[in-house]
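Since the structure comes first, as structure tokens, the remarks are kept for the end.
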Amino acid sequence: MRSSALLAAGVLAATVFLTGGCAVHSETMGTPSSSGLPSAGPSDQPSGSPSPSDTPIAQLPLPTTKAPLPTGAITGLPKGGNYLAWTVDDGADPETVEKYVDFAQRTGTRLTFFVNGHYPSWTQVADKLRPMVQSGQIQIGNHTWDHPALTKISDQQIRDELTKNDEFIEKTFGVSAKPYYRPPFGYHNAHTDAVAASIGYTVPVLWYGSLSDSGLITPDQVVSFADQWFLPGHIVIGHANHTPVTEVFDQLEKIVQERGLRTVTLRDIYQG
Ligand SMILES: [Zn+2]
């Protein structure tokens with residue numbers, strides 16, 4: 001049963017990858033379309049054979065030395081270490097956002113939330129989330145105020161979208177998201193990168209693997225995508241838009257645990 005489920009997941013993943021995802025938006029795909037495969041990204045496979053570990057994920061060590069801040073887009077973490085950057089976008093559904101926050105609080109999982117401030121979820125959960133942001137367990141990244149494709153709006157609109165959300169993040173969580181932002185849909189180019197960089201957003205954070213849940217999929221599908229993409233060095237994108245992921249947090253944590261992965265924020269890995 002397990003092998004057939006995995007096979008089905010593989011077929012589905014391949015389909016999603018090729019078609020660019022679902023009806024909501026294309027952050028479902030395995031890698032962002034605009035940048036293709038990472039030139040110096042992580043390996044597709046775990047390095048060596050990670051052994052199952054009983055160590056709670058919150059107790060595995062974080063990097064002792066940090067990598068230089070990247071110049072330009074990243075799709076994966078630097079090689080070396082069993083680090084997984086689990087990132088969570090949007091926040092369309094308040095219940096899903098809150099359950100993600102509860103999950104982080106309960107397990108110590110380190111997450112990066114790329115928030116769209118126009119969703120009320122982030123304000124509603126702010127008091128609970130803020131201490132984890134302040135401690136560094138949760139990083140807040142800028143995903144623009146209301147999720148436009150940066151490649152289809154004016155330079156001033158790009159600046160306004162990032163700045164309005166930047167001010168929201170500062171006001172709500174007391175931190176700056178700079179220099180990290182995620183272009184909605186993964187759509188970016190040299191021009192949008194330069195406009196964003198002109199106001200301090202120098203690192204577009206893309207991904208190498210997706211839970212494919214920007215639209216509604218089943219809990220089992222979420223687990224299958226985690227099984228496929230939760231690997232060392234990967235930046236994986238998920239979404240706080242629909243509840244199925246909240247039904248399988250324990251299974252996702254088990255995958256992290258069994259593979260000896262250490263969840264990290266981007267600031268855990270990079271200087272800055
Ligand atoms: Zn998004």
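The set of residues from the stretch 94-136 being hydroxyl-bearing (Ser, Thr, Tyr), within 23 Å of PRO148 (Cα to Cα) and not in a loop (DSSP other than H, G, I, E, B) comprises THR96, THR112, SER121, THR123. Scanning the stretch 184-215 for residues that are without any contact (Cβ under 8 Å) to a residue 60 or more places away in the chain and within 16 Å of the ligand (Cβ to nearest atom) yields THR192, ALA196, TYR201, LEU211. Can we say PRO219 is within 12 Å of the ligand (Cβ to nearest atom) and not aliphatic (A, V, I, L, M)? When the stated conditions are applied, PRO219 does not pass them.
Test PRO179 against the criterion of being within 15 Å of the ligand (Cβ to nearest atom), under 26 Å from LEU77 (Cα atoms) and at pLDDT 95 or above, and give yes or no. So PRO179 does not fit the description; no. Just one of the listed residues (ILE255, ILE269) is away from the ligand (no atom under 16 Å from the Cβ), hydrophobic (A, V, I, L, M, F, W, C) and touching an Asp or Glu at 6+ places or on another chain (Cβ under 8 Å), namely ILE255.
The values are calculated or read from the model by the stated rules, or taken from the named source; none is laboratory data. Because the structure is a prediction, the values reported are computed rather than measured. Ideal geometry is used to build each Cβ from the backbone, glycine not excepted, and the neighbour counts take in all protein chains shown.
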